[in-house]
Each structure stands twice: as C-alpha cells, then as structure tokens.
Amino acid sequence: QVQVVESGGGLVQPGGSLRLSCAASGSIFSIAAMGWYRQAPGKERELVATIPSGGGTKYADSVKGRFTISRDNAKNSVYLQMNSLKPEDTAVYYCNALIISKREWQLKEYWGQGTQVTVSN
C-alpha cells in the first residue's frame with residue numbers, strides 16, 4: 001500500500017517563510033510526478049506547483065517568484081519552500097503524487113491528508 005504524508009504547516013506572519021515536506025512510502029515502483037495543491041475556505045482546490053520525475057517545474061502565477069518546489073527522488077519526497085507569504089496564501093496544502101505501485105502496476109494518483117498554512121498577524 002502507498003501512503004503520502006505532508007508536514008511543515010503552521011501559523012506565520014505576512015512576509016514570513018515556511019517549508020512543507022511530503023514523503024511517499026510503501027510498495028512503490030516509480031513516481032512520475034509530485035506536486036502541491038491548496039484549498040482555501042469556500043474555494044476549489046488549485047494547483048500550486050508540480051515537478052515531474054524528469055525535471056522541470058510548473059507554478060501557479062500567484063506563487064511565482066515566492067515559492068520553490070524541489071524533489072529528492074532517493075527519498076520519494078517533495079518540498080515546497082514558501083517565502084514572502086501573504087494572507088491569501090492561507091489554505092490547506094495537499095501533496096499529490098502520480099505513482100506506479102508494485103501491487104497494482106498502473107499509474108495512480110495519491111493525495112496526502114493536508115496540512116494547514118495560516119498567514120496572519
């Protein structure tokens with residue numbers, strides 16, 4: 001079975017920084033891509049950033065220049081460094097991974113349980 005677990009959320013003042021971490025574990029054959037999404041109260045879940053296994057990154061326009069996504073393939077992990085945080089970044093952040101498990105042998109999407117990020121004075 002495959003699990004995806006996030007950590008690193010919390011409360012931070014505007015202009016501050018946070019670093020989110022996400023690790024996939026279990027019977028993993030390969031990971032095609034990993035990324036971060038977020039959902040604010042009353043809004044739909046939206047893409048924040050993604051990074052495929054082959055490299056390259058994609059960011060939402062609202063976070064470009066402030067957030068950086070990185071990946072450690074050896075640890076099946078992805079990170080999101082968030083700088084210059086704004087109140088509108090407040091949301092539950094979810095880790096997403098496209099994984100082929102050794103059990104099912106097909107590409108499947110996995111989600112973490114989410115971690116709260118609150119940007120406020």
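At a glance:
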| item | result |
| --- | --- |
| Where a residue in the range 76-88 is in contact (Cβ under 8 Å) with a residue 60 or more places away in the chain and assigned to a loop (DSSP other than H, G, I, E, B) and its partner, wherever it lies, is basic (Lys, Arg) and open to solvent by less than 60 Å² (accessible area, probe 1.4 Å), with Cβ under 6 Å and at least six apart | ASN83/ARG66; SER84/ARG66 |
| Among residues of the range 33-51, those that are open to solvent by 30 Å² or more (accessible area, probe 1.4 Å) and among the β-branched types (Val, Ile, Thr), counted | 1 |
| Qualifying positions in the range 69-96 - open to solvent by less than 60 Å² (accessible area, probe 1.4 Å), more than 18 Å from GLY56 (Cβ to Cβ) and of a type in the set (Asp, Glu) | ASP89 |
| Failed item in (1) farther than 14 Å from GLY112 by Cα; (2) within 14 Å of the chain's Cα centre (by Cα), with VAL4 passing the rest | (1) |
| Which listed residue is at pLDDT below 95, open to solvent by 20 Å² or more (accessible area, probe 1.4 Å) and either in a strand (DSSP E or B) or over 21 Å from GLN113 (Cβ atoms) (or both), from GLY54, GLY65, GLY15 | GLY54 |
| Complete set of residues in the range 97-116 that are open to solvent by 60 Å² or more (accessible area, probe 1.4 Å) and closer than 20 Å to PRO41 by Cβ | TRP111, GLN113, GLN116 |
| Residue ID - surrounded by the fewest Cβ atoms within 10 Å (Cβ to Cβ), chosen from residues in the range 18-32 that are touching a Ser or Thr at 6+ places or on another chain (Cβ under 6 Å) and within 13 Å of GLN113 (Cα to Cα) | SER21 |
| Subset of the range 27-43 (residues that are farther than 21 Å from GLY10 by Cα and in a loop (DSSP other than H, G, I, E, B)) | SER27 |
| Test: VAL5 is open to solvent by less than 50 Å² (accessible area, probe 1.4 Å), modelled with pLDDT of 95 or more and in a strand (DSSP E or B) | no |
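The values are calculated or read from the model by the stated rules, or taken from the named source; none is laboratory data. Small disclaimer: the values here were computed from a predicted structure and weren't measured. Neighbour counts are summed over all protein chains in view; Cβ atoms, including those assigned to glycine, are modelled from backbone coordinates with ideal geometry. Side chains are part of the model used for accessible areas, which takes the heavy atoms of the whole protein and leaves out ligands, DNA and RNA. Shrake-Rupley method; radii C 1.70, N 1.55, O 1.52, S 1.80 Å.
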